[in-house]
Structure formats: C-alpha cells, structure tokens
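Peer 1: Let me begin by handing over the structure; questions about it come next.
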Amino acid sequence: MRYALARAAAGAATTAALLVPSAAPAGAAGTAAPATAAPAGSTGAAFVPGPCPATPEPIEALSGARCGYLEVPENRARPGGRTIRLAVAVIPAVAPKSGQDPVVFMAGGPGGDTFDDIPFLVDSGLNRDRPLVVMAQRGNRYDRPDLACPEIDRFNEQSVGLGWSSDPARKLLLDAVEECRHRLTAQGIDLSAYNTTENAADFADLRKALKIPRWNVYGYSYGSDLALTYLRLHPEGIRAVALDSVTPPQVAALPWGWRSAREGIDGILGACAAEPRCKSRYPDVRRILDEQVRKLEAQPLTLNARPPKGGDPVKVVLDGGTLLNLLVAFAVRPPDIPAALTELAEGKPDRFAQGRAADSVQPTGMNAHGLTESVACSEWVPGTAPADVLAAGRKAFPGWPDTVLAQPPQLVFPYDVCRVWNVPGRAAEQRVATRSTVPALLLSGTFDLKTAASYAKDAARTLPRSTSVLIPGIGHWVVPQSPCAQQVLASFLARPTARPDTGCVAGLTPAPFTITPK
C-alpha cells in the first residue's frame, strides 16, 4: 500500500466509513471543477451556503452544522483562471461560551477524507465550548474537483500479493499513476496548483469569507506542516496554533520517514523492556525484528490470509519491506508488536498476514491520491536523491538489506512515481522554518512511527512561545487517543498565553503489552 503522512491513528481512526458524494458541494471521484473563471483582479474567494456532504453513515455533528463550499482560484498565479470548490462545515459548540474564538482543523494526509475525522474531533472535545470549522483541503473528497485515483486504490488492493518493492509492484503502481494523471489532466485540472502554499491561502480566504476575526488552528501530521505554512504566510487572525504529530516544513523531505520509523520502534520496544512482564517474555524482540526483516527479504512468505473484518482469504506476500511498513502503518497495534514479532519468528505470521490482507479491501475513492502525489512530488521529493534515502535508512537500521532501506517508509517508488506525475518542484519555497511569536502547543506520542516525536523540537526552535508535550504510549494523531492530551489541548486553548496544564502527563504509562503463553 502506498502511504502518505497517514491520516489514521492506531486505535482511533483506523476504520473510516466509505463516504459517497452529495449533490452539493461535493463531486464524484474525478469530477472536473466547474469551468468558471474568477474576474480579473479578484481573489475569487467566496463562501456559498449549501447542504452538508451526505455520508452513507450519518455524522451526527453535521446535523446542526452550517455547511457550504468555499470557491477559490485553482491557481492564484493565474488571475482570471478557473475556480474550484472546497467543502466546508462550521459545527456549533456543544456548550458555547460567549466570545470564544473558533477552532479550524487541518487534517493529515495529504488527501485524507477530512469529514471522516469529524467524529474523532467531536469526541475529543474540540467543539465543547467553541465552534469547530472543518474544510476539505483542495482536491479532497467532497470538493470539486475531487482528485481521487481509483486506479491507485486498485493497485493497493492488488499489491498485497506482490513483494513490497518488487518489479511487478513497481510496474503496476506506475501504470496506475499514469492512468490517474492522464484522466485528471484531461479534465483540465492543474495538478501543480495542489500544494501546501495554495492550501494555506485557502484557509486564509476561508477565515475572511466566514467573517471570523480570530481563530485557533489545530492540525495533525501533514496538517501540522500546513498549519505552520499557514502561520508563516498568513499570520493575521491567528490566536493560537496546536500541532499534533508534528511535521515541520523544513524537515518534510523523503529521508524523514526513516528517523520516524526508528524513533517509534525504539519507543515501543523500549517500553517493552521497561515493563517486567514484557521484558521477561520477549527479551530478544529487537534482535527478532532485525532477523525477520533480513530473513523475509531474502525468502518472502507467500500465504493466504483472511482480512480482519472477514471475507474470502487472499494471497499475501510478506517480505522485509512489507513487515516494516505494516509496523509503520499500525497494522498491528503497538501493545501486540512484541508478541506478533515473536510469533512470526516461531513460524506463526498470522497477525502480520491479516494486517496485509486488510489492504486488499480498499475504500475506493476515499483518499485524494492526486493531492498526495502533487504535494509529495513538488515538496518532499525535490532536492533529495535515492542515495539520501538509502543513507538515512542505513543510519536508522544498520544491517538491514538495501532493498528494504532504498524505499522510504510510507511511500514506495517515489522517484519513479514523480517522474510520471511531473509537477514542478517547489521545495525551496516550502521547506522553510516558521518563525512566529503566536502561542503554540506541540503534541507528540512516544509510539509514533510516522512523525518522529523529536520533530517537535525542530519546530519549537523558531516558535519561542511554544510548549512541547510528549504523551507516553501513544502513536500517530495523539489527541483522539489520549484523554490527557485532550485536557492539555483544552487548557491551552482556554489561555494560550499561559503555560498549559500538563499535570496529567506525569502519571501516564503505556497500555500493558500483550503477553502470550510460551
């Protein structure tokens, strides 16, 4: 499976409802944007009220929301060009307090279905006493155009029966990417306009269009990259910024994935070593991981496995690259990882095989792969080379096979894909540290294999009024998984200029590890 800065949190958002487009403001997968042009000299930005997106499984919070779409230029560098429509929902506060500034949410991905995140935001208390503003980033589901790539979804389904970085997988992916690109560009879509700078400008226009004097920004994963870019380019009207699973723009280049994977694995295995029962039962789990990556890369396992939610068994291949990326994707829960690796070494690969089989059931059209590829290929890939990725992999996991280390975690064949996707590089404009005195909260989890917890330190260096908080035992997207993180965030939003109440953090310990009989 091809991963971006993944949007799902282990134990929180791993399952997403398959959403279908509504009559307005959404468009079906691949539907082209209306052929309308903004008047010359106009920003072209306007909020147009309309119905909330219709989801197959109702999202309760949308029943009382103010919805519609933001109409903005597709490419602001081309005055008078066509406009696109971005789905928007303003969810009222549960217990409103007078004068509370809203929170605007910036989702991970890029390309994940933002509206599917709403239940997790509401359950986390984001709209407890202030409105919550949600907008699908340009090209996402429910936007016009929607940059979904069913072709890549089909690749993800089929690739479970192929080696992670095998030649057949490479050909299958590149064919899918080429088909999607051809279809989208044939509709007149300017793929170069789907980037973080334009995303940030969309949110700046949204605040003005909604006539909101000040708001608070909360972004996670890629949304933290976007939030920092927004803060750098459009600081007006921002009261406070909360960043969750932090990816500073200045480090968002392909090698970053190896540092994240190493830190997250060290966090999980270190916690096992610190728990007497886990250490006693799984004393050699770190060695087992290294051995299994090498063994499976040399002799992949091919077997049939049933997806976790049921269905017919499917053929899956487990090699070293697959094993690593199943860990990074939280296909096995962190508390189960020592047990799963030990079972794998004992000839029982069921947990990992089932995790891989889950990728054979893809929710077609949910992810806007077009946005993923445009951001990755214009911002993350330029300025790096395959040798840089390999060097970072060797530093993170000495002794692992180069065939595993040559592919960065979460993305596979990125240089080949980007040659096909063919958008201009813009790393120089994007990989810039944000310097700001706006109050900021940075939340990280010790079990995060996607965005290293130490990246918060990189961001904090140029945010002098920031507070960094590390939550033990939590993986990617911290707030929905941690009531303590929710308390810290609420404290910060209540008084951003004061140090948030972090008292709950001191008593936190990771959930107990799974202990299987010998």
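Peer 1: Hey, any idea what % of the stretch 302-424's accessible area is carbon plus sulfur with a 1.4 Å probe?
Peer 2: Ligands and nucleic acids excluded, carbon and sulfur reach 53 percent.
Peer 1: Now for a different question. Can you pull the one-decimal nm distance between simple spin-label points at Ser98 and Arg183, each 7 Å off the Cα toward Cβ?
Peer 2: The two pseudo-label positions are separated by 5.4 nm.
Peer 1: Can you give me the Kirkwood hydrodynamic radius for the stretch 201-316, using every pair of distinct Cα atoms, in Å to one decimal?
Peer 2: 18.7
Peer 1: Hey, quick one: spin label on Asp290, modelled 7 Å out along Cα-Cβ, who in the stretch 259-278 has an amide N within reach, i.e. under 16 Å?
Peer 2: Under cut-off, by backbone N: 262-263, 265-267, 269-270.
Peer 1: How high is the FRET efficiency between Ala506 and Asp123 when r is their beta carbon distance and R₀ equals 22 Å, given to the nearest 0.05?
Peer 2: The computed FRET efficiency comes out at 0.35.
Peer 1: Taking the C-alpha atoms of the stretch 79-177, how large are the radius of gyration and the largest Cα-Cα span, Dmax, in Å?
Peer 2: Radius of gyration, then largest Cα-Cα span, for the stretch 79-177: 18.8, 60 Å.
Peer 1: Excluding ligands, DNA and RNA, what is the solvent-accessible area per residue of the chain at a probe of 1.4 Å, expressed in Å²?
Peer 2: Heavy-atom accessible area per residue stands at 36 Å².
Peer 1: On to the next question. Tell me, what is a quarter of the convex hull surface for the C-alpha atoms of the stretch 47-116, in nm² with one decimal?
Peer 2: Directional mean of the projected Cα hull area for the stretch 47-116 stands at 6.6 nm².
Peer 1: Another question, if that's okay. When the Cα atoms of the stretch 457-502 are enclosed in a convex hull and the volume is divided per residue, what value in Å³ results?
Peer 2: 80
Peer 1: So, one more: Nearest 10 degrees, 0 to 90: what angle lies between the long axis of helix 222-233 and the longest principal axis of the chain (Cα atoms)?
Peer 2: Its long axis makes an angle of about 40 degrees.
Peer 1: What do you get when you divide the Cα radius of gyration of the chain by 2.2 N^0.38 Å, with N the number of residues?
Peer 2: 0.93
Peer 1: Continuing with the same structure: Modelled label-to-label distance, Arg78 and Ala498, 7 Å Cα→beta-carbon offset: nm?
Peer 2: 5.1
Peer 1: To continue, here is another question. With just the Cα atoms of the stretch 401-442, tell me how far they stretch along each of the three principal axes, in Å, largest first.
Peer 2: That works out to 43, 28, 12 Å along the principal axes.
Peer 1: Based only on the alpha carbon positions, what is the Kirkwood hydrodynamic radius of the stretch 157-236, in angstrom?
Peer 2: With all distinct Cα pairs of the stretch 157-236 included, I get 15.8 Å.
Peer 1: Per q in 0.14, 0.15 1/Å, what log10 I(q)/I(0) does a Debye calculation on the alpha-carbon atoms of the stretch 90-241 return?
Peer 2: -0.77, -0.85
Peer 1: So if we plug the beta-carbon distance of Glu157 and Ala298 into 1/(1 + (r/R0)^6) with R0 = 35 Å, what FRET efficiency do we get, rounded to 0.05?
Peer 2: After rounding to 0.05, the efficiency reads 0.85.
Peer 1: Right, something else. If you count, for each residue, the other Cβ atoms within 10 Å and average over each peptide, how do 444-452, 272-280, 472-480 line up from highest to lowest?
Peer 2: Most protected by this proxy first, the peptides run 444-452, 472-480, 272-280.
Peer 1: Then there is this: Give me P(r) over the stretch 277-392, computed from all C-alpha to C-alpha distances, binned every 5 Å, as integer percentages.
Peer 2: Calculated P(r), rounded to whole percents: 2, 10, 16, 18, 16, 14, 14, 7, 2, 0.
Peer 1: Just from its helices, what would the mean residue ellipticity at 222 nm be for the chain, if runs of 4 or more DSSP H residues each count -39500 (n - 2.57) and the sum is divided by every residue, rounded to the nearest 500 deg cm²/dmol?
Peer 2: Only helices count here, giving -10000 deg cm²/dmol.
Peer 1: Using all alpha carbons of the stretch 337-439, what is the percent of pairwise distances in each 10 Å bin, ordered from the shortest bin to the longest?
Peer 2: Percent of pairs per bin, in order: 12, 26, 33, 22, 6, 0.
Peer 1: What are the equivalent ellipsoid semi-axes of the stretch 381-497, built from the alpha-carbon gyration tensor (square roots of five times its eigenvalues), in whole angstrom, biggest first?
Peer 2: Equivalent-ellipsoid dimensions as semi-axes: 32, 20, 13 Å.
Peer 1: Under a Cβ-only charge scheme (Lys and Arg +1, Asp and Glu -1), can you give me the dipole magnitude of the stretch 373-434 about the Cα centre, in debye to the nearest 20?
Peer 2: Here the stretch 373-434 has a charge dipole of around 140 debye.
Peer 1: While we're on this one: Once you charge only the Cβ atoms, +1 for Lys and Arg and -1 for Asp and Glu, what is the size of the charge dipole of the chain about its Cα centre, to the nearest 20 debye?
Peer 2: That gives a dipole near 1060 debye.
Peer 1: What is the Cα centroid distance between the stretch 373-403 and the stretch 258-304, reported in whole angstrom?
Peer 2: That distance is 22 Å.
Peer 1: Please work out how many pairs of lysine residues in the chain are eight or more positions apart (or on different chains) and have Cα atoms closer than 18 angstrom.
Peer 2: 5
The values are calculated or read from the model by the stated rules, or taken from the named source; none is laboratory data. Keep in mind that what you see is a predicted model, and the values were worked out from it rather than measured. Please note: Cβ atoms are built from the backbone with ideal geometry, for glycine as well, and neighbour counts cover all protein chains shown. Surface areas here come from the heavy atoms of the whole protein model, side chains and all, with no ligands, DNA or RNA. Shrake-Rupley method; radii C 1.70, N 1.55, O 1.52, S 1.80 Å.
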